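Below: the structure, in structure tokens.
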Amino acid sequence: MHSFFLAVSVVLPLLIYMMVGMLIRRQGILTEEHLKAMNKMIFRIMIPLTLFFNVYRADLKSAIRPGLCLYVLCCVVLTFLLLWKWIGKWEKDAPTAATMVQGMYRSNFVLFGSAIAVSLCGTSGQAAIAALAAVVVPAFNILAVILFEMAKGGKVQTGKLILEIFKNPLVVAGLIGILVSAAKIRFPELLIAPLETIGGIATPLALVVLGGLLSAKSISGHKWHLLVASAFRLIIVPMAAVSAGILLGFRNDELVAILAVFASPTAVASTPMAQAMGGNGILAGEIVAATSAGCIATVFLWVMALSGMGVL
């Protein structure tokens, strides 16, 4: 029973935020164009602020755990390689195959992961997510650039790769946070307080906007592609990563961090990346929508199962 209520406490806030977004869209208070504009604002300003202050406030000596970072990074790269090899055989259209692979390895863990970590572990879980973001977000972007360049049959250009990495607001915010924290620079609270408040509303507002952008129509196309991508993103990939993590001895907030990275839905940023680099932009958006809707059920089941096993 404790496992059930713990799972409910994690998932219910996510569900409520997304339902509020659906209601806003249904009532016509905000149009799809308004919601997309808000999504850009959240991605470029609010979530980077959240990430910066998570790192800025965190005790980096305890937050950065080399073993956890190395394990997660290895899992991300291995997932990428195995999926690209398998999906390339199943889907002959290279841009579509690349879009599916990105949808299966690249998660929205900075947004959903923060919500899950705070619910389960409080500030210690949030600090672990912030530390992981500095490693995983650049890896996601590097692999995405390599992926779509391979799909086009082109060569990966180092300069272009570096530019794409440092164009990502999350990468920039994480690196600045690490540098400021390492240099022990402290800003006046009068300056920090309003910025931290703005960053603090990023997660609930992003989930509200995501709920508003979901629609049955967007999930109905490419049914088989969506079924395969969702199964891997929400069930198969987290099952492999979490199971191996348990066998290696990861527990509590470290296991929550692993769960956050691998059980979160597909990253919203994967859609503009696919559109900009010659992938299937429509399919990318549908994968984001399908996995975002489906994760409500799967995250609930993951939390309940792991709590019942006594590893959370």
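The values are calculated or read from the model by the stated rules, or taken from the named source; none is laboratory data. Model, not experiment: these values are computed from the prediction. FYI the Cβ positions are ideal-geometry reconstructions off the backbone, even for glycines, and counts take in every protein chain you see.
Regarding residue 24, is this residue over 19 Å from residue 257 (Cβ atoms), touching a helix residue (DSSP H, G or I) at 6+ places or on another chain (Cβ under 6 Å), touching a residue at least 12 places away in the same chain (Cβ under 8 Å) and part of a helix (DSSP H, G or I)? When the stated conditions are applied, residue 24 passes them.
Output the residue which, of all residues in region 273-295 that are assigned to a helix (DSSP H, G or I) and in contact with a Phe, Trp or Tyr (Cβ under 9 Å, 6 or more places away or on another chain), is surrounded by the most Cβ atoms within 10 Å (Cβ to Cβ). Talk me through it step by step, then tell me what you get.
Within region 273-295, the first condition is being assigned to a helix (DSSP H, G or I), and the residues that meet it are 273-276, 281-295.
Pick out the ones that are also in contact with a Phe, Trp or Tyr (Cβ under 9 Å, 6 or more places away or on another chain) and you get 273-274, 276, 292, 295.
On the way: 273: 23, 274: 28, 276: 11, 292: 25, 295: 25.
Per the stated criteria, the residue is 274.
Sub-7 Å Cβ pairs linking a first residue in region 290-312 that is at negative phi to a second residue that is among the basic types (Lys, Arg), at least 6 apart or interchain, are 291/233; 311/251, ordered by first then second residue. Considering the conditions (1) β-branched (Val, Ile, Thr); (2) at pLDDT 75 or above; (3) within 26 Å of residue 53 (Cα to Cα), residue 146 is excluded by exactly one of them, (3). Could you list all residues from region 186-206 that are within 25 Å of the chain's Cα centre (by Cα) and in contact (Cβ under 8 Å) with a residue 24 or more places away in the chain? Residues satisfying the conditions are 195, 196, 198, 199, 200, 201, 202, 203, 204, 205, 206. Contact map, region 91-115: first residue touching a residue at least 12 places away in the same chain (Cβ under 8 Å) and in a strand (DSSP E or B), second residue of a type in the set (S, T, N, Q) and surrounded by 24 or more Cβ atoms within 10 Å (Cβ to Cβ), Cβ cut-off under 8 Å, separation 6 or more or different chains; pairs are 107/264; 107/266. Within region 296-306, not a single residue is part of a helix (DSSP H, G or I), touching a strand residue (DSSP E or B) at 6+ places or on another chain (Cβ under 8 Å) and more than 22 Å from residue 149 (Cβ to Cβ).
Does region 167-185 hold any residues that are within 18 Å of the chain's Cα centre (by Cα) and part of a helix (DSSP H, G or I), and which are they? Of everything in region 167-185, those that are within 18 Å of the chain's Cα centre (by Cα) and part of a helix (DSSP H, G or I) turn out to be 169, 170, 171, 172, 173, 174, 175. When 227, 207, 195 are screened for being surrounded by fewer than 22 Cβ atoms within 10 Å (Cβ to Cβ) and closer than 24 Å to residue 131 by Cα, only 195 passes.
Residues are listed down the side, and each one gets a yes or a no for (1) closer than 15 Å to residue 70 by Cα; (2) in contact with a helix residue (DSSP H, G or I) (Cβ under 7 Å, 6 or more places away or on another chain):
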residue: 251; (1), (2): no, no
residue: 257; (1), (2): yes, yes
residue: 265; (1), (2): no, yes
residue: 280; (1), (2): no, yes
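Applying the condition of being assigned to a helix (DSSP H, G or I) and among the β-branched types (Val, Ile, Thr) to region 27-53 and asking which residue is surrounded by the most Cβ atoms within 10 Å (Cβ to Cβ) yields 50.
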